[in-house]
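Enquirer: Please find one structure pasted underneath; my questions will follow.
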Amino acid sequence: MSTFSSMHSPSYSHSFICSSSINEKKNQRFVFSSFPRFSVPANAKVFLQCQANSHQNAVLMQDGAVATKVSPVEKETPIEKLKSELLSVTSSNEWDEKASFDINENESTVSITVVGASGDLAKKKIFPALFALYYEGCLPKHFTVYGYARSKMTDAELRNMVSKTLTCRIDKRENCGEKMEEFLKRCFYHSGQYDSEENFAQLDKKLKEHEGGKVSNRLFYLSIPPNIFIDAVKCASSSASSGNGWTRVIVEKPFGRDSDSSAALTKALKQYLTEDQIFRIDHYLGKELVENLSVLRFSNLIFEPLWSRQYIRNVQLIFSEDFGTEGRGGYFDHYGIIRDIMQNHLLQILALFAMETPVSLDAEDIRNEKVKVLRSMRPLRLEDVVIGQYKSHSKGGVTYPAYTDDKTVPKDSLTPTFAAAALFIDNARWDGVPFLMKAGKALHNKRAEIRVQFRHVPGNLYNRNFGTDLDQATNELVIRVQPDEAIYLKINNKVPGLGMRLDRSNLNLHYAARYSKEIPDAYERLLLDAIEGERRLFIRSDELDAAWSLFTPVLAELEEKKIMPEYYPYGSRGPVGAHYLAARYNVRWGDLGLDQST
């Protein structure tokens, strides 16, 4: 079985601690950071000498390291000794400058290959994100970007295509054009088939020319349909993986259509990759407000005590788009809104929201807690799901098409373009709290947000001021993921004046008003994390299995029984059935009112 060769060589910080009586300062630390694990050539010597006494020593702070020898040098003052010791680390005559390694990162390079470079995702998201990272100085000193696709194209044609989508939005600096030219000079193209080992071998030869004998780290971004994932991975595995550095592969959703197809895809990928090499990307996890979820909860004392069934009445995760499936009806009809949005984007946000406090911010600790949440959830029942499909609608003299008016969609398609669902987490923290999801296309607005509705105040002295509708007095925390990012808390307060009239106001953190810096695109954060080996925002295989186990039964039942979707007009608020579903659990959708901050 062929697998990607990968020297898992993350950067380490090696610390040598030396005690010294100079100026009574003890335990001085010298840190040599960010160099990979390497084999030391016979003619290269690295050593650190410290005076031998009962307190003075040299310790290499890394498991498996060999302790250094303590070599006293006679007839030297302490200052002279310390100076010679420091020089011996960096200026030994026996250090070979042409050694096969370097403690600096100058001797390694990162090659980023976008597989499917001629597609819309690559043009609109991946290349612009890479340029933004370069613009901000976040990419390594030595890097190369290669586009790989079946289309015939020269390097110049790729650069011309890419240049049309690059923008210098970040801080609008004056050297934008210069930076763009420098970035494009590092972009190259290789045409080949996704299932051709020979074509990938040719790519490997070109990559090696650019790598110039340095330690080669390679990142492959699979911006291709899932039915050719395995072919591409197999060919890259045997013909284009790194021989002396790491190799990582970013895989775009969808990760299958159900539990069985997802498991088969994972099994096939693991024939050629280890789990640590697979980066399953869900771009919603890279959005600023989603990443801020754990910060908001775990670093603010006022929220964590409230984050449970004792104070929270319901949680709503809402995703809406004000356009239909224009341009991707054929793809969408094969998956539908539940697979496209709910099973991944919204469920991942739910897991982050509801998880217990992780042991640390380490990727595995966070992902372990997310898996616990998913495994505690009840599988969806058909009665807890409402599906809809948008129909043609005329407004303001403009006629908007129905979903089935798309030429790539079958006229009798029952694929939902809208879905609402009620989910439950059966654990001590969330028992009985409904988590309501709603996702749809061709709705009245575009937004993605999390709404946390708190319980009514018991024995509220001011109930009579709100009348019979106690929901008007409910505190609500809103985290708006997009657009116009914001976090606001709805509170009740008295209107100034002699009477006792109450009003609802928002304590509002509006990102555009508070922070002048533009928020990075989600793909920028995720690409940078993949290059740095940070897996916290990527999906692990057991997470994927747990997520599919929740939705697979109801998806199978919807398709087997050919459940008719409820039709709703293009540009409306969606099917009426979604409101009945929420009402069954004594919930009112929070996005139906007009917020002051919208």
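The values are calculated or read from the model by the stated rules, or taken from the named source; none is laboratory data. If you're wondering where the values come from, they're calculated on a predicted model, not measured in any experiment. Heads up, the Cβs are rebuilt from the backbone with ideal geometry, glycines too, and the neighbour counts pull from every protein chain shown. Quick note on the areas: whole protein, heavy atoms, side chains included, nothing else; ligands and nucleic acids left out. Shrake-Rupley method; radii C 1.70, N 1.55, O 1.52, S 1.80 Å.
Enquirer: For the range 108-252, what is the accessible area per residue in Å² when the probe is 1.4 Å? If you can, show how the numbers build up before the last one.
Expert: Values: 5990 Å² over 145 residues.
The answer is 41 Å² per residue.
Enquirer: Sorted by packing (mean other beta-carbon atoms within 10 Å per residue), highest first, where do 206-213, 379-386, 499-506, 339-346 land? Can you show the working numbers first?
Expert: Details: 206-213: 15.1, 379-386: 17.0, 499-506: 12.2, 339-346: 24.6.
So the order, starting with the most tightly packed, is 339-346, 379-386, 206-213, 499-506.
Enquirer: Taking 24 Å as the cut-off for C-alpha to C-alpha distance, list the pairs among 395/441; 407/441; 391/438; 152/234; 125/438 that go past it. Display every interim value, and only then the final one.
Expert: On the way: 395/441 17 Å; 407/441 17 Å; 391/438 18 Å; 152/234 22 Å; 125/438 26 Å.
In this structure, 125/438 lie more than 24 Å apart at Cα.
Enquirer: Place the peptides 132-139, 297-304 in order of packing, highest mean first, counting for every residue the other Cβ atoms within 10 Å and averaging per peptide. Write out the running numbers ahead of the final one.
Expert: Values: 132-139: 18.1, 297-304: 11.2.
By packing density, highest mean first, the sequence is 132-139, 297-304.
Enquirer: Right, something else. Over the heavy atoms of residue 543, what accessible area does a 1.4 Å probe trace out, to the nearest 10 Å²?
Expert: For residue 543, the solvent-accessible surface is approximately 0 Å².
Enquirer: Quick one: net charge around residue 247, please, counting Lys, Arg +1 and Asp, Glu -1 for every other residue with C-beta under 12 Å from its C-beta.
Expert: Values: positive: 218, 248; negative: 204, 276.
Every neighbour counted, the sum reads 0.
Enquirer: Now a separate question. May I ask you to give the percent of accessible area on the range 508-598 that is carbon plus sulfur, with a probe radius of 1.4 Å? Walk me through the intermediate numbers first.
Expert: On the way: 2340 of 4480 Å².
Result for the range 508-598: 52 percent of the exposed heavy-atom area is carbon or sulfur.
Enquirer: In addition: Determine the share of the range 108-252's accessible area contributed by carbon and sulfur atoms, expressed in whole percent, with a 1.4 angstrom probe.
Expert: On the way: 2730 of 5990 Å².
Accessible surface attributable to carbon and sulfur in the range 108-252 totals 46 percent.
Enquirer: Around residue 393, what is the net charge, scoring Lys/Arg as +1 and Asp/Glu as -1 over all other residues with Cβ under 14 Å from its Cβ? Could you put the intermediate results ahead of the total?
Expert: Working: positive: 391, 395, 441, 573; negative: 322, 405.
Computed value for this residue: +2.
Enquirer: Oh, and also: Going by a ≥ b ≥ c, the root eigenvalues of the Cα gyration tensor, does the range 108-252 fall in the rounded group (a/c under 1.5), the prolate group (a/b larger than b/c) or the oblate group?
Expert: Because a/c hits 1.5 or more and a/b exceeds b/c, the range 108-252 counts as prolate.
Enquirer: Which links in 123/267; 411/446; 141/206; 123/446; 208/267; 124/270 stretch past 21 Å when you go from one Cα to the other?
Expert: Where the Cα-Cα span goes over 21 Å, the pairs concerned are 123/267; 411/446; 123/446; 208/267; 124/270.
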